[in-house]
1. Considering region A:420-456 alone, what residues qualify as being among the hydrophobic types (A, V, I, L, M, F, W, C) and in contact (Cβ under 8 Å) with a residue 24 or more places away in the chain?
2. In region B:52-111, how many are farther than 17 Å from B:TYR257 by Cβ and part of a loop (DSSP other than H, G, I, E, B)?
3. Just to verify a result, which residue in region B:211-232, among those that are closer than 21 Å to A:CYS560 by Cα and among the aromatic types (Phe, Trp, Tyr), is farthest from the other protein chains (Cβ to nearest Cβ)?
4. I'm told B:CYS392 meets every condition in (1) closer than 29 Å to B:PRO241 by Cβ; (2) out of contact with any strand residue (DSSP E or B) (no Cβ under 9 Å at 6 or more places or on another chain); (3) not in a helix (DSSP H, G or I) except one. Can you identify the failing condition by its number?
5. Considering only region B:310-374, give the helices (runs of 4 or more DSSP H) lying wholly within it that have at least 2 residues that are more than 14 Å from chain A (Cβ to nearest Cβ), touching a helix residue (DSSP H, G or I) at 6+ places or on another chain (Cβ under 7 Å) and not acidic (Asp, Glu).
6. Quick one: how many residues across region A:472-501 are out of contact with any Pro (no Cβ under 9 Å at 6 or more places or on another chain) and either closer than 17 Å to A:ASN395 by Cα or assigned to a strand (DSSP E or B) (or both)?
7. Limited to region B:256-272, what total is found for residues that are more than 9 Å from chain A (Cβ to nearest Cβ) and buried (at least 21 other Cβ atoms within 10 Å of the Cβ)?
8. Of everything in region A:566-587 that's of a type in the set (A, V, I, L, M, F, W, C) and surrounded by fewer than 19 Cβ atoms within 10 Å (Cβ to Cβ), which residue is nearest to the other protein chains (Cβ to nearest Cβ)?
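The values are calculated or read from the model by the stated rules, or taken from the named source; none is laboratory data. All of these numbers come straight from a predicted model, not from anything done at the bench. When we count neighbours, we look across all protein chains shown, and the Cβ atoms used for this are built from the backbone with ideal geometry, even at glycine.
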Amino acid sequence: MATIDQSKIRNFCIIAHIDHGKSTLADRIIEKTGLLTSREMQAQVLDNMELERERGITIKAQSVRIVYNAQDGEEYVFNLIDTPGHVDFNYEVSRSLAACDGAILVVDAAQGVEAQTLANVYLALDHDLDVMPVINKIDLPSADPGRVIEEIEDVIGIEAADAPLISAKTGLNIEEVLEQIVKKIPAPQGDANAPLQALIFDSLYDSYKGVIVFCRIKEGRVKKGTQIRMMATGAEAEVVEVGYFGAGQFIPADELSAGMVGYITASLKNVKDTRVGDTVTDAQNPCSEPLPGYKKVNPMVYCGLYPADGAKYPDLRDALEKLQLNDASLQFEAETSIALGFGFRCGFLGLLHLEIIQERLEREYNLDLVTTAPGVIYKVYKTNGDVIELTNPSNLPDPSEIDYMEEPMVKAEIMVTAEFIGAIMDLCQERRGIYQGMEYIEETRAVLRYHLPLNEIIYDFFDALKSRSRGYASFDYEMLGYERSELVKLDILINKEEVDALSFIVHAGTAYERGRKMCEKLKEEIPRQLFEIPIQAAVGSKIIARETVKAMRKDVLAKCYGGDITRKRKLLEKQKEGKKRMRQVGNVEIPQSAFMSVLKLDDK
Amino acid sequence: MELYIHIPFCVSKCAYCDFLSGPSDAGTIRRYVEALTAEVRACGEMYHDRIITTVFFGGGTPSILTEEQIVVIFRAMRESFRLARDAEITIEMNPGTVTEGKLRTYREAGINRLSIGLQSVNDRELKMLGRIHTFADFETTYALARKVGFQNINMDLISAIPGQTVESWRGTLEKAVSMNPEHISAYSLIVEEGTPFYARYGEGGEGLPSEDEEREIYDLTRRFLEKSGYERYEISNYAKPGFECRHNKGYWERTDYLGIGVGAASLVNNQRFSHIRDVAEYIRLLAQENCSGRKGAESAPIKSVSGQTAAIKSVSEQNASERIEKIVTERETLDVQAQMEETMFLGLREMRGVSIPEFEAQFGKTVQDVYGRVLSTMEKEGLLRVKDERICLTERGVDISNYVMSQFLL
């Protein structure tokens, strides 16, 4: 394919609050551009990870190149880069935005502007993108496009009067979106004859092709045989193939030139050689400096991940390395637990990120995992002047060595309809929130501002928010920094032995409540054994809660005659197998599910 | 070798029963008896060299068969198998399903042990269990059996049923013992999936005695019956000295047994196999083979007349085994490891336990080599005891015997 005139290229993404219809719009755009027939369209073709489809959300940024015949008679190439919508994935959004020149902002005609609508728009503006609003779901009975347009202009401050009024679900007015893409999204500006400068915005590992680098060519060109260099890692390799993204497949091309979005495969086998955000250049004719890349995003939530079967430790390491390749926000380092053996302390952007990584490890890599309670990074100021950044509660120094501790705080904005303001304020109060103010966006909706400790929102805050507002509240947060706090380590003792994997840091004021709930939950999870098992929660040497698992009283089969023997054997085998899946702590068998169940202590 | 003969019919199904049985019409029962008789003859061809030490008619309620049907089955059995002179021959029955005449027929056929399903002495409990008889029915049947001359009678009891208390159970035991049976099987109720009881109570659900009460009831049973002269020789079985059920002991000691009839299970030469569970299909497969079965029957007299030439014998044996193979569903050959495991988890059901010298003679390995670690752990935990060169469960070991037995899987 001949090099395409840059003026006929549009690189854009779609941003939206979760559930406002971003993926559906992407599907319609792909459909209307005629790349795929209606019959080939699976629902949501961009979400090609099994997990994404099941959860109905977009996790990984996906890209697709499509061809559009515009009303001006010209043929345009669109590179549509899909972005995740959840607050945990701002980093991914940021990566995708850097590859674009413009963004379509999808706003739900009934819901209007929500917390993440704002957050995403600000991100896009940070990247100097032109934002083009689209009002979706106008087929809903509760749609109020006039009000939403006003909201976009007032709250966000961007022109929305001529925003297309569409229904991505029914396909209404999608043509207008396509035309506006041509008119409103700027064409890329790059010099195809300058030295190669390409931004890596994603990558993945394929067992046949090795590492596949997704990039936006800012300047210059790249083709098969080009000797490329990764500017940050210094790794060099010869390009094996370049191409662009079909829907769900890679389509090889002769070359990629300035303004284009596509992929490169090179003789790179080592996952660590490519880093998202790095700049690719021509080793023979390098560019003078790398692109700015992205702001490095630091994990905010930590937990231990352990293979259920200790022998799978190397497999878990391998899987984590591969996942990290296209999820640079995932961090991990090796650790050991007395209860769980060898595993990794992993850092995540948030709890959803944690859950998704855990599920991907289990599904895509067939690993059976045990997860410890998630926590945040605490700063421990020791009496000797040292400061420790604590990610694993087990490493907390002896209280006598601690001067004081600090915990991370977030600035939270919660959008909620007036009737639920009271309920949400109660929730924030319970979570140690500090009220900062409230503004009405319109008569019936307000933004609540709170400062909240991060460790209070990583568990089930989002769920609680939704359930107390019947799904109407939306929420966004940003890091605020550290504040001094009364924190204690809560230990769980099973049969008088401390189980390190169950320890966590908690505010002194909630320690009793949490300890009690943990003990209750563990009592349900730990099966009766030969002897009575006390389950205790302790802060330091003080026991603050206790439950008891009574000794197994009866496990006997009354009848066993000629026809029962095969069945009896199966029963015994099952019993023995069940025992294997338990973790031995001291002389108590703890099922793996017990370690996980304490992650989900119900709020009410 | 032992014989088990399955009669899958009863007058009506009890609320807790998960056996292969159910009510049926006279025609089906008649055809079933024909098929069963054909199978008895075919099996006789295959195992004519084995001596039968015990026979057990189980069900269902075998006593709902007519006298003629019992006679037909027994004739086939005696003609086909070599029964030991002192063979223990048991039939299961329910109160109210036998007449004096039927009991006399049993005696004449050679049946020398009766197992009567009493379950409870309380008519309200009997009704709740879905039983169709009263305690008075039992008394009548029992008295008739004694009158006719049966000297080895078992009664089945069920404990830990909904609403039962330790005290009400004591009442049941007192009444049972006052009747002076030779043998008592006292089972703790198992709520099996798929039964009306399961729908009503679920697993260990509401309305049933708690685990603690259940164990108290179990404990009372043992103490009460032992005081009354019944020794607990297996987890749920009690007998006066010399009246242990030889047939059932065979299951726990891994004696070969051959199951005949629909759904019946067998252990022969370290193979476990069982029959299809569908009555209609069982009848169809064996009835079809009746023609060739008759050929087999014709060859039998020739065989005996001609002085048993090896060739003829093997042909008829082969025919018989082909016929039987059609009704076999699962067949599993037990390797040495499986045999050792079974020896332990079955043998431990008997209170006297597993004989160490017998284990070592059979497998050529010391128990210490195979199970040394398990044994010492279990002994330390107070679940097992070694006494007189036998390994047996302690009282605590009985309570959680599934756990103990599972440790013997290699």
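1. Keep residues of region A:420-456 that are among the hydrophobic types (A, V, I, L, M, F, W, C), which gives A:420-421, A:423-425, A:427-428, A:434, A:438, A:441, A:446-448, A:452, A:454.
Residues satisfying the conditions are A:PHE420, A:ILE421, A:ALA423, A:ILE424, A:LEU427, A:CYS428, A:ILE441, A:ALA446, A:VAL447, A:LEU448, A:LEU452, A:LEU454.
2. Counting residues in region B:52-111 that are farther than 17 Å from B:TYR257 by Cβ and part of a loop (DSSP other than H, G, I, E, B) gives 12.
3. B:TYR230
4. Among (1) closer than 29 Å to B:PRO241 by Cβ; (2) out of contact with any strand residue (DSSP E or B) (no Cβ under 9 Å at 6 or more places or on another chain); (3) not in a helix (DSSP H, G or I), B:CYS392 violates only (2).
5. B:310-325, B:356-363
6. Of the residues in region A:472-501, the ones out of contact with any Pro (no Cβ under 9 Å at 6 or more places or on another chain) are A:472-478, A:484, A:486-487, A:492, A:497-499, A:501.
Cutting the leftovers down to either closer than 17 Å to A:ASN395 by Cα or assigned to a strand (DSSP E or B) (or both) gives us A:474-478, A:484, A:487, A:492, A:497-499, A:501.
Summing the residues that are out of contact with any Pro (no Cβ under 9 Å at 6 or more places or on another chain) and either closer than 17 Å to A:ASN395 by Cα or assigned to a strand (DSSP E or B) (or both) in region A:472-501 gives 12.
7. First, the residues of region B:256-272 that are more than 9 Å from chain A (Cβ to nearest Cβ): B:256, B:258, B:260-262, B:268-271.
Applying the additional criterion that residues be buried (at least 21 other Cβ atoms within 10 Å of the Cβ) yields B:258, B:260-262.
Of the residues in that region, 4 qualify.
8. Of the residues in region A:566-587, the ones of a type in the set (A, V, I, L, M, F, W, C) are A:571-572, A:582, A:585.
With surrounded by fewer than 19 Cβ atoms within 10 Å (Cβ to Cβ) added as a condition, the list becomes A:571, A:582.
Working: A:LEU571: 7, A:MET582: 13 Å.
Of everything passing the filter in region A:566-587, A:LEU571 is nearest to the other protein chains (Cβ to nearest Cβ).
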